[in-house]
Amino acid sequence: MNERISVAVLGGSGFIGAELIRLLAAHPQVGPTFVSSAKNAGQRVGQVVPGLRNLPIGGHHMRKLDEMPTVDVAFACLPNGVLPSVLDEVSDRASVVINLAGDYRLREPDQVERHYPASAGGWRQPIPYYIPEFAPKPTAPVLNLPGCMAAATIYALYPLYQADLATEDVVVDAKSGSSGSGTGSVEHPAVRDGNVRVHRLHGHRHAPEVRQALTDLTGRAPQLQFSTFSLPVARGVMVSAYGRLKPGVDGSDVRRAFARAYADAPFVRVAGGRTPMGMPMLKTVVGANVAEVGAAVAGDRWVVVSALDNLIKGGAGQAVQTLNRIYGFDERLGLPEAGGWP
């Protein structure tokens, strides 16, 4: 392809929008980037997001969404509930819309009303829930990507249920850094710093998302106890999941299932080894478009740990990975594969 892809980032002042701008700026096949921000229209990108001020796009101005030109791909990083009101307008100006918010993740009306009440209302056709590792090249005009904790949990559980190795009852605890709360978080840094606390023990909106996705992917619908916690770090998600194996299943079956599930997935790495340092950790994934998963079995009990960067593999990086698949590029193009160390 000689002509570079034109893109728009809608909601460029949020954490995921800013990370997406950074990744797109380094992508060799992406050309002009339009950036919108309802609150910061007219300001330079680098003024609003200081981390971008040393890039050429840092000197560009953020615009109002209704100024969006015709583009190849529009990335919607808008607050939940905003896209449904503007999707017709955006889709008329973009060949593909990739939504990173939660508006269309859930299908059941009662679940949408409970978890995304401002998003209720749907669109004129079904919007696929798209995870690059588990679906072919996308062709729909609008795609919805998973939430960060949901993605980490799906990566952890998919091999077990795809291979029909585990019983239905699963306990999941998911821990997230402060950027998962978005730029509108009101939690004081003095409360977050040095503290690990409960976020939500029951009723988190990613629980029905995970259950729906696993049902679609594997035909199994695990019964999830899904609890979330806040970590004193800026970014990163770590999920620990626990359950029991079916009779006759052992650790070798689990190892084979994970190896098969991710043999052709360049950004999901099966970690492990004889020491805890070989298992997934935040330091090895933060800054990278990589999810690590590792399983351990003792008798009929299994534990799976997964980790990813919520802003990259759980957000902006997965969006760029999807763009690469749409256009037939190498899936790794423009995406970092190593985290910062130490």
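Does region 224-289 come out rounded, prolate or oblate, given a ≥ b ≥ c as the square roots of the eigenvalues of its C-alpha gyration tensor, rounded meaning a/c under 1.5 and, failing that, prolate meaning a/b above b/c? Because a/c hits 1.5 or more and a/b fails to exceed b/c, region 224-289 counts as oblate.
How many percent of the accessible area of the chain is carbon or sulfur, using a 1.4 Å probe?
Heavy-atom surface of the chain belonging to carbon and sulfur, 1.4 Å probe: 52 percent.
Just check region 5-125 against the gyration tensor rule for me: Cα atoms, a ≥ b ≥ c as the square roots of the eigenvalues, rounded for a/c under 1.5, and otherwise prolate or oblate depending on whether a/b exceeds b/c. Prolate. The relative contact order of the chain, computed from alpha carbon pairs under 8 Å that lie at least 6 residues apart in sequence, is 17 percent. Highest GNM mean-square fluctuation among A18, A316, A120, for the chain modelled with Cα contacts below 10 Å: A120.
Summary value for region 9-114: 25 percent relative contact order, contacts being C-alpha pairs under 8 angstrom separated by 6+ residues. Considering only A135, A26, A74, the mean-square fluctuation computed in a Gaussian network model of the chain, springs between alpha carbons under 10 angstrom, is largest for A135. In loop segments of region 97-186 as defined by DSSP, the trypsin sites (Lys or Arg not before Pro) with at most 16 further C-beta atoms inside 10 Å of their C-beta are R107, R124. Over the chain, the Kirkwood radius and the radius of gyration, each from Cα atoms, give a ratio Rg/Rh of 0.96. Per residue, region 1-160 exposes 44 Å² of accessible surface when a 1.4 Å probe is rolled over the protein heavy atoms with every protein chain present. The peptide list 307-315, 187-195, 205-213, put in order of mean Cβ contacts within 10 Å with the highest first, becomes 307-315, 205-213, 187-195.
Subtracting the Cα-Cα distance from 0.36 nm times the residue separation, let me have the gained length for R332 to A234 in nm, one decimal.
Once the chain is fully extended between R332 and A234, it gains 32.8 nm.
The values are calculated or read from the model by the stated rules, or taken from the named source; none is laboratory data. Every value quoted in this text rests on a predicted model; they were computed, and no experiment measured them. Don't worry about glycine lacking a Cβ; one is built from the backbone with ideal geometry, like all the others, and counts go over all protein chains shown. All accessible areas refer to the heavy atoms of the entire protein, side chains included, with ligands and DNA or RNA removed. Shrake-Rupley method; radii C 1.70, N 1.55, O 1.52, S 1.80 Å.
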